[in-house]
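Attaching a single structure in C-alpha cells format; questions to follow.
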Amino acid sequence: MSLIKSFSFLSPKNVYFGEGELGRIPEILTSIMDPQKGGTVLIITDIGFSSTGIPALIVKRVEDAGYTTELLDSVPQEPYSEDVESLAASLGSRNIRCIIGVGGGSVLDTAKFLSIMLKWGGTVATLMESGAPGAGLPCIMVPTTAGTGSESTPNAIVALKEKQLKVGVVSPFFMPDYVVLDPVMTKTLPPALTASTGVDAYCHVLECYTSKKANIFSDMVALEGIRLIDGAIREACKNGDNMQARADMLLGSFYGGMAIASSGTTAVHALSYPLGGRYRIPHGVSNAILLVPVIDFNKTAVQEKLLKVAGTVGIEPGADPSSTVDRYIEHLRQMMREIKIPSSMTEFGIKPDKIPELSEAAFQVKRLLNNNPREMSHDEIQALYESIL
C-alpha cells in the first residue's frame, strides 16, 4: 500500500499581488477582448463598496482604455438564488463579454454565477443539478475583504429561500481567470467586518488543514495561511491603515481559498450554513461563533496537527501534548474576545426551541460533515449548538 496520498488542486490562471495592482486591470483586459470589436465590460459590486468611489474609478480607467462598461452596484449581501437570477435576466441583452467582480464573497460568487448564466442561460437550480456546461465569460476578481477566498476557489455560495439554507455550488468553471490582490482595496473595511471576514479566512485554513481530505499541498498553503492570519488579524482590526497587516490578511485569505480547492472545509461550515440561511447571520460571523467549539470537539482526532498549528503561532510545546492543544484553543478564544467577535447565537435572537431544526439542517450538509476529522452525530450537533446559546 502506497504511503503517498494523492492530491489535486485548481487555481486561478493569473494572479497579481501587491499595492497598486488595481491599476493593472486595463492591461489585463487587452488579453481578454479587443475594444474595437464591441461588447461590454460588466463591473459588479455592492452599494457599500460603491460608496468608496473605487468602482467608479475602475469604470473610468476601463473606459479610458476604450471599453464600454456597465456598473452594477446592487449585489445584495448574502444573496438568494432568485436575486442572482434576477440580475442575470436584467443583463441578458447587454452583450457582456467580461465581468469584473469587486467586493467580498457575495459579490465574487455572484460574478461566478453570472459568468455562466449570461453565456449559457439556465438558473441556479440547473447549475446545482447539472453543473456548469462549460467555461463562462472571462472574470477578473478583485477581493475587497480578506475573508472568503472566493477568488481562489471553484465554489460559489448562495442562499435558498425555500430551504432556509446556504449551499455551495462547485464547478471547475467557477475558477477565476484573473485575480488582482491589492491590499489597498481592504483599507476601508471597518473593524467589525475585518474581524468577521478575517475569522472566516482563519476557518478556511484551519478546517482545510484538519480535514479528512487534507494533503501535502493543502497542508502547505493552509499552514502558511494560519501563520499569516493569526499574526495579522488583531493589528488589522486595531489599525486598518497598517498595510503590512492588510497584505498578510489578504494573502492568507487567498491561501485559504487554495486550500479549499484542494482539501475542503468541515463541521464549522456545515453548522454555519443553517445559521446564514435561516437567520441571515453573516457567513463570517456564524463561522466565527462556531470555530472554537468545533475545534475543541475535533481536538482528539487531530492532536498532532493542532500541535503543529500551535507551534506555527508561537505556542511553546509542553510536556503534555493535550495541554498544548488546549492552550492553542484558549489562544483562539482570546483572539475572538480581542477582536470582538460575537460568541453566542442568542445575540441574533435564536431561541432554544430552534435548536432541533438547526441540528437537522446541519446534519444534512453531508458534503462537509464527511470531511470532518471526527464523526459528528445528530445529538452531538445539537449539543454543540446548545453550547453557543
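The values are calculated or read from the model by the stated rules, or taken from the named source; none is laboratory data. All values reported here derive from a predicted model rather than from experimental measurement. Because the Cβ atoms are built from the backbone with ideal geometry, glycine has one as well, and the counts that use them run over all protein chains shown.
Based on this model, can you work out whether residue 20 counts as among the small types (Gly, Ala, Ser), at pLDDT 95 or above and touching a Leu at 6+ places or on another chain (Cβ under 7 Å)? Outline the logic, then answer.
Numbers: among the small types (Gly, Ala, Ser): yes; at pLDDT 95 or above: yes; touching a Leu at 6+ places or on another chain (Cβ under 7 Å): no.
No.
Still on this structure, please answer the following. Could you check how many residues of the range 358-378 are of a type in the set (Asp, Glu) and touching a residue at least 12 places away in the same chain (Cβ under 8 Å)?
Of the residues in that region, 1 qualify.
Just the residues that are touching a helix residue (DSSP H, G or I) at 6+ places or on another chain (Cβ under 8 Å) and touching a residue at least 24 places away in the same chain (Cβ under 8 Å), please, taken from the range 36-55.
Passing the criteria: 41, 42, 43, 44, 45, 46, 49, 54, 55.
Sticking with this structure for a sec: Answer with yes or no whether residue 214 is part of a helix (DSSP H, G or I) and at pLDDT 95 or above.
Answer is no for this residue.
Counting just the residues of the range 242-280 that are surrounded by fewer than 24 Cβ atoms within 10 Å (Cβ to Cβ) and aliphatic (A, V, I, L, M), which one comes out nearest to residue 218 (Cα to Cα)?
Out of the qualifying residues, it is 251.
If you don't mind, another one. What's the number of the only condition in (1) in a loop (DSSP other than H, G, I, E, B); (2) touching a residue at least 40 places away in the same chain (Cβ under 8 Å) that residue 336 fails to meet?
(1)
If I ask for residues that are of a type in the set (D, E, K, R), within 16 Å of residue 84 (Cβ to Cβ) and modelled with pLDDT of 95 or more, which ones from the range 119-161 would you list? Steps first, please.
The first filter runs over the range 119-161 and keeps only residues of a type in the set (D, E, K, R), leaving 119, 129, 151, 161.
Filter once more, keeping what is within 16 Å of residue 84 (Cβ to Cβ): 119, 129, 161.
Hit for the range 119-161 is 119, nothing else.
With 197, 188 as the choices, which residue is within 30 Å of residue 23 (Cβ to Cβ), in contact (Cβ under 8 Å) with a residue 24 or more places away in the chain and either outside the structural domain of residue 309 (by TED's automatic domain parsing) or surrounded by fewer than 18 Cβ atoms within 10 Å (Cβ to Cβ) (or both)?
Values: 197 fails: either outside the structural domain of residue 309 (by TED's automatic domain parsing) or surrounded by fewer than 18 Cβ atoms within 10 Å (Cβ to Cβ) (or both).
Step by step, each of 197, 188 is checked, and only 188 is within 30 Å of residue 23 (Cβ to Cβ), in contact (Cβ under 8 Å) with a residue 24 or more places away in the chain and either outside the structural domain of residue 309 (by TED's automatic domain parsing) or surrounded by fewer than 18 Cβ atoms within 10 Å (Cβ to Cβ) (or both).
Limited to the range 344-386, what total is found for residues that are of a type in the set (S, T, N, Q) and farther than 21 Å from residue 210 by Cβ?
Result for the range 344-386: 5.
Which one of these is over 25 Å from residue 186 (Cα atoms), among the charged types (D, E, K, R) and touching a helix residue (DSSP H, G or I) at 6+ places or on another chain (Cβ under 9 Å): 305, 212?
Unique residue meeting the criteria: 305.
Additional query: Which of the numbered conditions does residue 239 fail, given that it passes all the others? Conditions: (1) crowded, with 24+ Cβ neighbours inside 10 Å; (2) closer than 30 Å to residue 348 by Cα; (3) at pLDDT 95 or above.
(1)
Another question, then. Taking only pairs six or more apart or across chains, which ones have beta-carbon atoms under 7 Å, a first residue in the range 212-225 that is on the phi < 0 side of the Ramachandran plot and of a type in the set (Val, Ile, Thr), and a second residue that is assigned to a helix (DSSP H, G or I) and modelled with pLDDT of 95 or more?
221/255; 221/258; 221/259
Would you point out the residue of the range 281-304, among those that are more than 14 Å from residue 336 (Cα to Cα) and not hydrophobic (A, V, I, L, M, F, W, C), that is surrounded by the most Cβ atoms within 10 Å (Cβ to Cβ)?
Residue satisfying both the conditions and the ranking: 283.
Look through 147, 168, 122, 136 and report the one residue that is at positive phi and either outside any strand (DSSP E or B) or surrounded by fewer than 24 Cβ atoms within 10 Å (Cβ to Cβ) (or both).
None of the other options fit; the residue is 122.
Any residue in the range 269-290 that is among the aliphatic types (A, V, I, L, M) and within 16 Å of residue 191 (Cα to Cα)?
Yes: one or more hits.
Same structure again: Test each condition in (1) over 22 Å from residue 174 (Cβ atoms); (2) among the β-branched types (Val, Ile, Thr); (3) assigned to a helix (DSSP H, G or I) for residue 281 and report the one that comes out false.
(3)
Taking residue 350, is it part of a helix (DSSP H, G or I) and of a type in the set (Val, Ile, Thr)?
For residue 350, the condition - part of a helix (DSSP H, G or I) and of a type in the set (Val, Ile, Thr) - is not met.
Now, a different point. Residues 240, 284: which one is in the same structural domain as residue 334 (by TED's automatic domain parsing) and touching a residue at least 60 places away in the same chain (Cβ under 8 Å)?
The conditions single out 284.
Further question on the same structure: Among the candidates 343, 359, 323, single out the residue that is in a helix (DSSP H, G or I) and touching a helix residue (DSSP H, G or I) at 6+ places or on another chain (Cβ under 7 Å).
Residue meeting the stated conditions: 359.
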